[in-house]
Amino acid sequence: MKASTGSTSGRVLTMDELAAVIARDIAEGSYVNLGIGQPTKIADHLTPEQGVVLHTENGMLGMGRKAEERLGDVIDADLTNAGKVPVVETPGCSYFHHADSFAMMRGGHLDVCVLGAFQVSRTGDLANWSTGRPGDIPAVGGAMDLAIGAKDVFVMMTLFAKDGSPKLVEACTMPLTGVGCVSRVYSDHGVFDLTPEGVGIRETYGVDEFELRRRLGLDG
Amino acid sequence: MSRAQLLDSADEAVTGIEDGSTILIGGFGLAGMPFDLIDALIRQGATDLTVVANNAGNGEVGLAALLQAGRVRKVLCSFPRQVDSYVFDELYRAGRIELEVVPQGNLAERMRAAGAGIGAFFCPTGVGTPLAEGKETRTIEGRDYVLEYPIKGDYALVSAYRADAMGNLVYRRTARNFGPVMATAATTTIVQVGEVVPIGALDPEAIVTPSIYVDRIVQVEARHYTVEGAR
């Protein structure tokens, strides 16, 4: 992991810009799982020089980009990512069954996993699988396995919900995916390290640290 | 386990499946879904089934068609809700189907345990979440774990790429997914394949599912479906 650059952008980042920031922070040669949704954008910003190997829960290491007909790729329904979108192979890729795929995850072999989130607590609790609203059909997929598996679990999210409430909170109010599992939060307003000593701010975007701490209700 | 039977049709392959059976159905979305066996199961007529699968069907084909036919009492899966899971969604909202949501890795490992003769295992997934409520927990070397029990099937319906006449299997790309695990976890494992080759034609080093786990094999036509259908 690269050291904090301490950089401050003059404006809030788009999710695509945030994906580039996360891609920059992933160490060379890492084995990485990118969760469904926003985190999949990170793949577009990883450089070949980084030599990052992508894991997909449905049984593949060395997953390539999305298959595109206009590039002349063979669209193969037997080769998809976790979001069931056709992808391509990369040289050196491998396939394995589901129990092995999750053993790889649960066993702590992946270096980094990046997940989306509804809420993250200051102590790293993650809520990203269920809104808890009655009538919603619950669906967890691999979220709980991913949350406790990788050596580093990063969250990629907007810092504030549509109603303006912070998503980095003192305690999650939504059903938990994992307890104390998130080590870093990448958001459009800043990057946070969640440590036993408290929340550390690595970078801020479009807002200064003092204002960010105030809006999040963080001490000092 | 006696040698696998090579059958002429999917209908022959699913004979004897009783009402109330637990059926493990392979596939991740549409990749690796045993369409021909499911269609044959619908024709066969067994009902009141418990289905274990990763998803709860897409569109109106495969598993979704089995649900639509009203044959399934309960689904154990990790991710029922998808853009095209409307058959399941309607049944669930109408209270006509039971759902047990299981984290995906637990689904796989619980079937692996069933196939491997493991009585139960302590797993860190889901600790402190609603899906672990009411389950026994234990702290081992400072980490918390939840006790998880095996999931055993009466039948497994699996799609593989190629079989030899013994029942040794190889899979294709990410269509492998749950197939090898489910093949070990059912009393009777029924496999549809794109091609059956002579004994000795598969590289023994490359066999993914050894023949001992396979009971019935049927060769089916390769199925072509649109990419849109796989999303």
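Read the figures in this text as sums done on the coordinates, not as results from a lab. Keep in mind that this is a model prediction, so the values were computed, not measured. Note that we place each Cβ from the backbone using ideal geometry, even for glycine, and neighbour counts take in every protein chain shown.
Before moving on, here are some points about what is shown:
- Rg and Dmax, both from the Cα atoms of segment B:138-217 and both in Å, are 15.7, 53.
- Prolate/oblate/rounded call for segment B:75-231, Cα gyration tensor, a/c under 1.5 rounded: oblate
- Global form of segment A:110-170, assessed from the alpha-carbon gyration tensor, a/c cut-off 1.5: oblate
- Checking every one of the GluC sites (Glu not before Pro) in segment B:126-209 against DSSP loop status and a limit of 12 other Cβ atoms within 10 Å picks out B:E133, B:E136, B:E141.
- Exposure proxy shown here: for B:T125, A:T14, B:T50, the number of other Cβ atoms within 10 Å sets the order, fewest to most, as A:T14, B:T50, B:T125.
- Ranked list, fewest to most other Cβ atoms within 10 Å of each Cβ, for A:T47, A:T40: A:T47, A:T40
- Two-decimal Rg to Rh for chain A - Kirkwood Rh, Cα set: 0.97
- Relative to its residue count, segment B:1-63 spans a Cα convex hull of 107 Å³ per residue.
- Angstrom value of the Kirkwood radius, inverse mean 1/r, which spans all Cα pairs in the protein assembly as shown: 22.8
- Averaged over residues, the count of other Cβ atoms within 10 Å places the peptides A:181-194, A:151-164 in the sequence A:181-194, A:151-164, highest first.
- Inter-chain shielding of B:154-163 (mean C-beta neighbours from other protein chains, 10 Å cut-off): 0
- Taking every residue in A:56-69 and counting other chain Cβ atoms within 10 Å of its Cβ, the average works out to 3.
- Computed over segment B:116-180, the percent of Cα pairs more than 13 Å apart is 73.
- Violating pairs (Cα-Cα greater than 28 angstrom) within the set A:K84/A:K151; A:K66/B:K152; A:K41/B:K74; A:K167/B:K74; A:K66/A:K162: A:K66/B:K152; A:K41/B:K74; A:K167/B:K74; A:K66/A:K162
- Averaged over B:180-189, number of beta-carbon atoms from partner chains that fall within 10 Å: 2
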